[in-house]
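> Got a structure here, written out as structure tokens. Questions coming.
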Amino acid sequence: MLAGTAIYAIINSVILALMAIGFNLTFGISGVANFAYGAFYVLSAYATWMMINLLGFSYPVSVLLSILITALLGAAMYRFVLMRVRGQALSEVIATFGIGLAVLELFRYFGFVGFEYNLPVFADYSFFIGGAFVDMQRLLIVAIGVVLVLGLWVFTHHTSLGLAFRGIAQDERTALTFGINPDKIAMLAVAMGAGLAAVAATVIIPLGTISPEEGYDVLIKALAVCIIGGLGSTGGVILASFVIGFAERFTDSYIGSHWTMIVSLAAILIVLAVKPSGFFGKQKELEERI
Amino acid sequence: MKKRKERIDRGIKVRSEDVFAVCSWREMLYLSSPRWLPVFIFLTLPLLLGPYWQKVMLSVAVFGLLAISWDILAQTGMISLGQALFFGMGAYCAGVMNHYFGISPFITLPLAAVAGGAISTLLLLPVLRLRGIYFSMVTLILPLMLVRVIEATKIFGGTEGLSGMTPLPSIWIEIYLIFGVLTAALFGFRRMLTSDFGLVLKGINDNDRSVTNAGINIYWFKIQALFIAGSVGAFAGAFMTHVYMFVGMPVFALDYSILPIAAAVVGGPGSLAGATLGACILVPLSEVLRGIGGLRIVFYGAFLVVFIVAIPEGLFHYAQRKYHQFERWVEVEK
């Protein structure tokens, strides 16, 4: 029981981290809190579904295409909407929230709800580890999550584009003097965030079904993880997703599944009361948060 | 030949700015008519409308109050994405008091306003030290999570909610009560925001660190603003509980968070009159669009984006400018 719960807790934590990492990347680099994040997540899942079931594309092609499309839409959102209100946090939040809301409710309106809206799993067999059955999909999620986090770390620390990303995050004007175009980088950051949402959707959605509710859920979870971890810090996001992931899974096993949300809520309120900047949100603590 | 638009104050505006305002009826009318117009409309319109549109007017007033509450917070630099928190708190407070203790609506309404405001403030206390979008994020999450809490703990009727509240004695009392409160909130809080107290609140929005520098405890002022805004929202919720004679999980729904923001943004953020104007436009509009069902929220979302990007000043400021100034094209000097 304990080992099984722990394994599922780890999987749950990786899922949370996958959900949050795109949001966190966009915010950490461009300062845009992308409240349309959940919409991108659901959008990419529907795009994949349509390409597989309506257009008859093969699975890998549709996945790659939908990730690409979602990233392009993210870039378009930045270029045509967010760029006009750049720097006004309120307007950015309301604009992205409006977009996300419109997209999600549009899907709901057209009736994209039901069990048939599902993505295929990569491989359909399960293992017996530590007293619990774990299916291949969940193991793959963990693997992909680890690869993604490591890949992002290498990208932001050892490529010129990644270094430009971090430069913008640290000081936009100084970065400008080094010939880095903040608008271009911010656009790429929003696009990458959307793309990461699409990647997360591709691997996580097969565990359930696609629905507009999922969009709100992902947004809430991403926000919760980022707030607890400290926005803009990847280490914080990973730690926070493990804290919430373990707390959720253990309350689920030992108290009851209804209580998982209460645990996250309590975690957010307690962390904020004790340490308003989150676990690792030190970098910009003074300027932005308090 | 390049031209530019020049804006000049109308003569009557300049004349009525000073003590000369009392020199003729025209000036006095110019000053007072924008203020009397909404009051006049609120008083007479219910008499002309049928029962269905009277109910719509109740929603207008309720969302107007929520939008005012949003705008008070926004002017203090706290962007709330979860007005449903205040609304739901007030609704549940009134519902519990009426359902379990049988207290009359005329006592539960003010009590629930104060209690709902206080509970919301307590819930948001840990978040108060956060600024900008960090505050927004938490306010967005809170009502959505509270729904799950009610679902899980099954308190206050759980998913079924509480029903069988005492309604207010008649539709006329309902209408004139809520519009009285709306008018009082509109003019009262407008006055409050121009007083020294309001100046501090606006200062927190502009630059909170320099307000701290002036030896003012910004957290205490934020708490007060939060309590005021929370109470306004909670009153709206408590009122709706008695109108629908029901309180349940839908009171924390996203509608009650989105529509007030949309109203304030469309009407003109940064002015309570704008927020009220926005509610007066959007709520009847959404009634007309009722036929398209779920697509309404899509429209709200689109409205939000279009207005925030293209017309960030909002309708009220636009109308205000037209009222006070005239425009003409002049040639650009070389």
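> Being more than 23 Å from A:ASN34 (Cβ to Cβ), within 14 Å of chain B (Cβ to nearest Cβ) and modelled with pLDDT under 75 narrows it down to one of A:VAL134, A:VAL121, A:VAL113, so name that one.
A:VAL113
> Has the range B:158-171 got any residue that is in a helix (DSSP H, G or I) and under 30 Å from B:HIS242 (Cα atoms)?
yes
> Go through the range B:188-215 residue by residue and tally those that are exposed (fewer than 15 other Cβ atoms within 10 Å of the Cβ) and either within 30 Å of B:GLY164 (Cα to Cα) or β-branched (Val, Ile, Thr) (or both).
Residues that pass the stated criteria total 2.
> Quick check on the range A:130-143. Is at least one of its residues part of a loop (DSSP other than H, G, I, E, B), of a type in the set (Gly, Ala, Ser) and touching a residue at least 24 places away in the same chain (Cβ under 8 Å)?
Yes, the range A:130-143 has at least one match.
> Still on this structure, I have one more. Just to verify a result, which residue in the range B:149-166, among those that are within 14 Å of chain A (Cβ to nearest Cβ) and among the charged types (D, E, K, R), is surrounded by the fewest Cβ atoms within 10 Å (Cβ to Cβ)?
Only one residue tops the list, namely B:LYS154.
> Looking for something assigned to a loop (DSSP other than H, G, I, E, B) and touching a helix residue (DSSP H, G or I) at 6+ places or on another chain (Cβ under 8 Å) - is there at least one such residue anywhere in the range B:34-41?
no
> Something else: Could you please let me know if A:PHE242 is away from every other protein chain (no Cβ under 11 Å), over 15 Å from the mean Cα position of the chain (by Cα), assigned to a helix (DSSP H, G or I) and within 18 Å of A:ILE10 (Cα to Cα)?
no
> Quick one: which residue in B:LEU146, B:LEU199, B:LEU122 is in contact with a helix residue (DSSP H, G or I) (Cβ under 8 Å, 6 or more places away or on another chain) and either within 14 Å of chain A (Cβ to nearest Cβ) or assigned to a helix (DSSP H, G or I) (or both)?
Result of the check over B:LEU146, B:LEU199, B:LEU122: B:LEU146.
Per-residue answers, yes or no, for (1) surrounded by 13 or more Cβ atoms within 10 Å (Cβ to Cβ); (2) more than 24 Å from B:VAL266 (Cβ to Cβ); (3) within 20 Å of the chain's Cα centre (by Cα):
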site: B:GLU6; (1), (2), (3): no, yes, no
site: B:GLY11; (1), (2), (3): no, yes, no
site: B:VAL14; (1), (2), (3): no, yes, no
site: B:TYR30; (1), (2), (3): yes, yes, no
site: B:TRP36; (1), (2), (3): no, no, yes
site: B:TRP53; (1), (2), (3): yes, no, no
site: B:VAL56; (1), (2), (3): yes, no, yes
site: B:SER59; (1), (2), (3): yes, no, yes
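> Out of everything in the range A:159-180 that is of a type in the set (Val, Ile, Thr) and part of a helix (DSSP H, G or I), what residue ends up being modelled with the lowest pLDDT?
Among residues in the range A:159-180 that are of a type in the set (Val, Ile, Thr) and part of a helix (DSSP H, G or I), the one modelled with the lowest pLDDT is A:ILE168.
> In addition: For residues that are part of a helix (DSSP H, G or I) and within 11 Å of another protein chain (Cβ to nearest Cβ), scanning just the range B:285-295, find the one that is surrounded by the most Cβ atoms within 10 Å (Cβ to Cβ).
Step by step, filter the range B:285-295, then rank; the result is B:LEU295.
> Could you list all residues from the range B:125-143 that are more than 8 Å from chain A (Cβ to nearest Cβ) and part of a helix (DSSP H, G or I)?
B:PHE135, B:THR139, B:PRO143
> Before we move on, is B:VAL298 surrounded by fewer than 22 Cβ atoms within 10 Å (Cβ to Cβ), in contact with a helix residue (DSSP H, G or I) (Cβ under 9 Å, 6 or more places away or on another chain), at pLDDT below 90 and assigned to a helix (DSSP H, G or I)?
For B:VAL298, the condition - surrounded by fewer than 22 Cβ atoms within 10 Å (Cβ to Cβ), in contact with a helix residue (DSSP H, G or I) (Cβ under 9 Å, 6 or more places away or on another chain), at pLDDT below 90 and assigned to a helix (DSSP H, G or I) - is met.
> While we're looking at this one, here's another question. Going through the range A:143-158 one residue at a time, which ones are among the β-branched types (Val, Ile, Thr) and at pLDDT 85 or above?
Selection gives A:ILE144, A:VAL146, A:VAL147, A:VAL149, A:VAL154.
A quick yes/no check of all residues on (1) surrounded by fewer than 16 Cβ atoms within 10 Å (Cβ to Cβ); (2) free of Cβ contacts under 8 Å to residues at least 40 places away in the same chain; (3) more than 27 Å from A:PHE27 (Cα to Cα):
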position: A:MET51; (1), (2), (3): no, yes, yes
position: A:SER58; (1), (2), (3): yes, yes, yes
position: A:LEU65; (1), (2), (3): no, yes, no
position: A:GLY74; (1), (2), (3): no, no, no
position: A:SER91; (1), (2), (3): no, yes, no
position: A:TYR109; (1), (2), (3): no, yes, yes
position: A:PHE112; (1), (2), (3): no, no, yes
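> So, of the residues in the range B:237-284 that are more than 24 Å from B:GLY77 (Cβ to Cβ) and within 14 Å of chain A (Cβ to nearest Cβ), which turns out to be surrounded by the fewest Cβ atoms within 10 Å (Cβ to Cβ)?
Restricting to residues being more than 24 Å from B:GLY77 (Cβ to Cβ) and within 14 Å of chain A (Cβ to nearest Cβ), the top hit is B:ALA253.
> Filter the range B:308-334 down to residues that are over 15 Å from B:ALA263 (Cα atoms), outside any strand (DSSP E or B) and acidic (Asp, Glu), then give me how many there are.
1
> Let me ask another. Somewhere in the range B:301-310, is a residue surrounded by fewer than 20 Cβ atoms within 10 Å (Cβ to Cβ) and either more than 9 Å from chain A (Cβ to nearest Cβ) or touching a Ser or Thr at 6+ places or on another chain (Cβ under 9 Å) (or both)?
Yes, the range B:301-310 contains a residue that is surrounded by fewer than 20 Cβ atoms within 10 Å (Cβ to Cβ) and either more than 9 Å from chain A (Cβ to nearest Cβ) or touching a Ser or Thr at 6+ places or on another chain (Cβ under 9 Å) (or both).
> Given the residues A:ALA102, A:ALA47, which is the only one that is touching a Ser or Thr at 6+ places or on another chain (Cβ under 6 Å), surrounded by fewer than 23 Cβ atoms within 10 Å (Cβ to Cβ) and modelled with pLDDT of 85 or more?
Answer to the check: A:ALA47.
> Can you confirm whether the range B:96-106 contains a residue that is more than 26 Å from B:ILE204 (Cα to Cα), among the small types (Gly, Ala, Ser) and out of contact with any Leu (no Cβ under 9 Å at 6 or more places or on another chain)?
Looking for residues that are more than 26 Å from B:ILE204 (Cα to Cα), among the small types (Gly, Ala, Ser) and out of contact with any Leu (no Cβ under 9 Å at 6 or more places or on another chain), one finds at least one in the range B:96-106, hence yes.
> Here's another thing I want to ask about it. Hey, does the range B:255-267 have a residue that's closer than 20 Å to B:PHE42 by Cα and hydrophobic (A, V, I, L, M, F, W, C)?
Looking through the range B:255-267, at least one residue is closer than 20 Å to B:PHE42 by Cα and hydrophobic (A, V, I, L, M, F, W, C).
> Of these, B:VAL138, B:VAL96, B:VAL127, which one is hydrophobic (A, V, I, L, M, F, W, C) and surrounded by fewer than 21 Cβ atoms within 10 Å (Cβ to Cβ)?
After applying the criteria, what remains is B:VAL96.
> Looking only at the range B:61-78, filter to residues that are surrounded by 24 or more Cβ atoms within 10 Å (Cβ to Cβ) and more than 10 Å from the chain's Cα centre (by Cα); which one of those is nearest to B:TRP220 (Cα to Cα)?
B:THR76
> Another question about this same structure. Among the residues of the range B:79-92, are any more than 14 Å from chain A (Cβ to nearest Cβ) and surrounded by fewer than 21 Cβ atoms within 10 Å (Cβ to Cβ)?
no
The values are calculated or read from the model by the stated rules, or taken from the named source; none is laboratory data. Bear in mind the structure is a predicted one, so any value in this text is a computation, not a measurement. Glycine also receives a Cβ, built like all others from the backbone with ideal geometry; neighbour counts cover every protein chain displayed.
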